[in-house]
Every structure is written in structure tokens, then in C-alpha cells.
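Report on the following structure.
The values are calculated or read from the model by the stated rules, or taken from the named source; none is laboratory data. Just so it is clear, the structure is predicted and the values come from calculations on it, not from any experiment. Cβ: placed from backbone, ideal geometry, glycine included. Neighbour counts: every protein chain shown. Please note that ligands, DNA and RNA were not included when accessible areas were found on the heavy atoms of the full protein model with its side chains. Shrake-Rupley method; radii C 1.70, N 1.55, O 1.52, S 1.80 Å.
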Amino acid sequence: MEVRDALSLGRQALSGKTEHFARDVALLLAHALGCTVEDVYLHPERVVTPQEYDAYLYFLKRRINKEPVAYILGYKEFMGKKFKVDKRVLIPRPETEILVETALKIMADMEIKDGIICDVCCGSGAVGLSLMGWGRFSCFFRYPKGAGEPSPSFVLTDISQEALEVARENARNLGLDCQDGLRFLHGDCLEPLRGAGLFNQVDLIVSNPPYIPSGEIEHLDDEIKNFEPILALDGGACGTRFINTLIEEAPDFLKSGGHLLIEIG
Ligand SMILES: C[S@@+](CC[C@H](N)C(=O)[O-])C[C@H]1O[C@@H](n2cnc3c(N)ncnc32)[C@H](O)[C@@H]1O
């Protein structure tokens with residue numbers, strides 16, 4: 001079988017079952033072949049080996065079963081970087097890049113050279129690690145830190161130990177884990193900041209907390225409610241449980257002039 005035949009078989013299999021089936025098929029075939037999507041389109045004559053074909057069929061079956069493409073591939077691109085994802089963490093959404101871009105602008109406006117930046121409910125670490133990685137271009141600090149050079153500390157927190165494991169792995173993959181300015185803390189909402197004694201010390205708290213009202217979860221698409229962690233979605237009866245806590249308690253930890261930035265829907 002050649003790539004062109006595999007593409008056509010995949011499109012027939014997924015047509016009507018997923019919204020962006022042609023894109024999904026190209027991504028899954030590229031993953032099975034260990035090449036890029038561009039290679040798939042540029043080399044339709046390439047022969048698909050039996051092992052590659054078996055892997056491709058396995059990926060197609062998972063997708064027909066509504067598993068998100070990002071979990072099948074094992075990563076999601078966010079702010080131009082690949083973040084490892086699996087069922088332990090929410091798949092970072094494109095709209096959350098607005099949260100990161102807004103935070104970067106605030107960091108630049110505040111001229112944050114050192115200080116503390118917290119990503120509460122960090123999941124895969126997509127938000128906090130992007131701020132750490134991209135901040136050095138739009139702000140005034142440097143990573144890796146040179147001797148005596150100021151740079152902020154980043155604190156990433158989550159109630160899920162499993163999510164923190166993924167965030168740590170992403171920090172390693174992005175080359176950010178060797179910095180002494182990165183901490184992962186476990187616990188409920190802002191409690192880890194309390195435990196670490198960070199009263200009146202934080203410049204910026206950023207959070208994309210769970211904000212789906214509990215009663216709406218059963219109406220979400222199968223690919224969300226059957227695969228992504230409910231813990232990452234459920235924001236309590238009105239969806240505002242975490243938003244309220246963050247607004248009420250963040251002032252205990254923010255410096256004068258500090259900012260709280262929340263994604264709320
Ligand atoms: C919507 S996800 C956001 C993940 C990541 N920040 C992102 O934008 O992709 C919410 C995260 O909040 C975490 N979480 C749920 N309940 C929590 C709690 N009580 N305290 C801290 N984190 C919590 C979940 O484990 C999940 O990782």
C-alpha cells in the first residue's frame with residue numbers, strides 16, 4: 001500500500017465521524033510513519049510497511065472511538081512548543097494562548113526582572129512554562145540565568161499529582177527544569193502558596209482553572225467528557241468555584257500592584 005491509498009482509506013473511515021477528518025487522517029498517518037504531515041502530502045508514492053499500516057489502523061480505531069488526536073499523538077502544540085499530553089492532563093486549548101500573551105504583556109509592562117509568577121491549576125504546565133520560556137524574549141530577564149542576573153521564579157501548582165508529573169516532564173523536555181527558579185507545588189487552589197509562605201510576595205498569578213458547571217459536563221462532546229480528566233473541567237455547581245476562591249484569596253499573596261489573571265470561559 002502507498003501513502004495515497006492509506007490517506008484515502010483513512011478519510012473513508014473517519015468521514016462523518018470527526019469534524020476535521022482530513023486533517024486528523026494526515027496527522028495520524030504521519031505519526032504512524034514517523035514523518036511530518038508535509039512529507040505525507042509531498043510523497044504520496046511512499047510505500048507503507050505492514051508495521052506502519054498496523055500502527056495506522058490502531059490510531060484510526062482510537063480516533064473513531066472519539067479519542068482526541070492529541071492523546072493519540074502524545075503531544076499538543078501550544079505557543080509554538082510541543083507539550084506532552086496524556087489522559088492525566090487537559091489538552092491545552094488554542095484560546096488559552098490569549099491568557100499567556102496577556103500575561104507576557106503584563107510582565108513586560110511591570111518590567112518584571114525578578115519576583116514570583118504563579119500558574120495555579122497548571123495541568124500540563126502549558127501556561128506557566130510558556131511564560132517562563134517566552135518571557136525572556138518579551139521581558140527583561142534571561143534564561144538560563146547568568147551569574148548575578150535577575151530573573152523571576154515560577155511556581156506551578158495543581159491538586160493532581162499526576163498532572164504535576166506531566167508538567168515536570170514538559171519542563172525537562174523544554175530545557176527549563178535545570179533552573180533553580182522553577183518549583184512545582186501540590187495542593188488545593190492557592191493553599192500551596194500559603195504553605196510556602198508566599199504572602200504579599202507574588203507579582204502575577206495566572207490561572208486557567210476548571211470552569212464548566214458540574215451539570216453541563218454530561219452534555220460536553222464525547223471526546224472531552226470520555227477522555228479528559230473531569231477534575232480539570234468541573235468548576236462546581238455554577239462553574240465559578242475556583243474563580244471565586246482565586247478572587248477572594250489572591251490578594252493575600254499578591255504584592256502591592258500585582259496582578260491576577262484568570263481564564264473564565
Ligand atoms: C482547565 S485545566 C487547566 C490546565 C492548564 N493550566 C491548561 O491551561 O492547559 C484545570 C487544572 O486544574 C486542576 N485542578 C482541579 N481542581 C483543583 C484544585 N482544587 N486545586 C488546584 N488545581 C486543581 C486540574 O487538575 C487541572 O490540571
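Values for this structure:
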| item | result |
| --- | --- |
| From the options ILE159, ILE212, ILE205, ILE217, residue that is open to solvent by less than 40 Å² (accessible area, probe 1.4 Å) and in contact with a Cys (Cβ under 8 Å, 6 or more places away or on another chain) | ILE205 |
| Condition check for LEU254: under 23 Å from LEU131 (Cα atoms), in contact (Cβ under 8 Å) with a residue 40 or more places away in the chain, within 18 Å of the chain's Cα centre (by Cα) and open to solvent by less than 60 Å² (accessible area, probe 1.4 Å) | no |
| Every residue from the stretch 101-119 that is touching a residue at least 60 places away in the same chain (Cβ under 8 Å) and outside any loop (DSSP other than H, G, I, E, B) | THR102, ALA103, ILE106, MET107, ILE116, ILE117, CYS118, ASP119 |
| Contacts under 7 angstrom Cβ, first residue in the stretch 181-206 being basic (Lys, Arg), partner modelled with pLDDT of 95 or more, 6 or more apart | ARG183/VAL155 |
| Hey, PRO44 touching a helix residue (DSSP H, G or I) at 6+ places or on another chain (Cβ under 6 Å) and open to solvent by less than 20 Å² (accessible area, probe 1.4 Å) or not | no |
| Total residues in the stretch 239-251, condition open to solvent by 70 Å² or more (accessible area, probe 1.4 Å) and over 27 Å from MET107 (Cβ atoms) | 1 |
| Residue that is nearest to the ligand (Cβ to nearest atom) [pool: residues in the stretch 103-121 that are within 22 Å of ASN170 (Cα to Cα) and open to solvent by 10 Å² or more (accessible area, probe 1.4 Å)] | CYS121 |
| Top-ranked residue of the stretch 220-238 - restricted to ones that are within 9 Å of the ligand (Cβ to nearest atom) and assigned to a loop (DSSP other than H, G, I, E, B), ranked as surrounded by the fewest Cβ atoms within 10 Å (Cβ to Cβ) | PRO229 |
| Scan of the stretch 61-96 for residues that are part of a helix (DSSP H, G or I) and more than 10 Å from the ligand (Cβ to nearest atom), ordered by number | LYS61, ARG62, ARG63, ILE64, VAL69, ALA70, TYR71, ILE72, LEU73 |
| Qualifying residue in the stretch 173-187 (condition: out of contact with any Ser or Thr (no Cβ under 7 Å at 6 or more places or on another chain), assigned by TED's automatic domain parsing to the domain that holds SER124 and assigned to a helix (DSSP H, G or I)) | yes |
| Matching residues, the stretch 190-202, being within 12 Å of the ligand (Cβ to nearest atom) and surrounded by 21 or more Cβ atoms within 10 Å (Cβ to Cβ) | LEU190, PRO192, LEU193 |
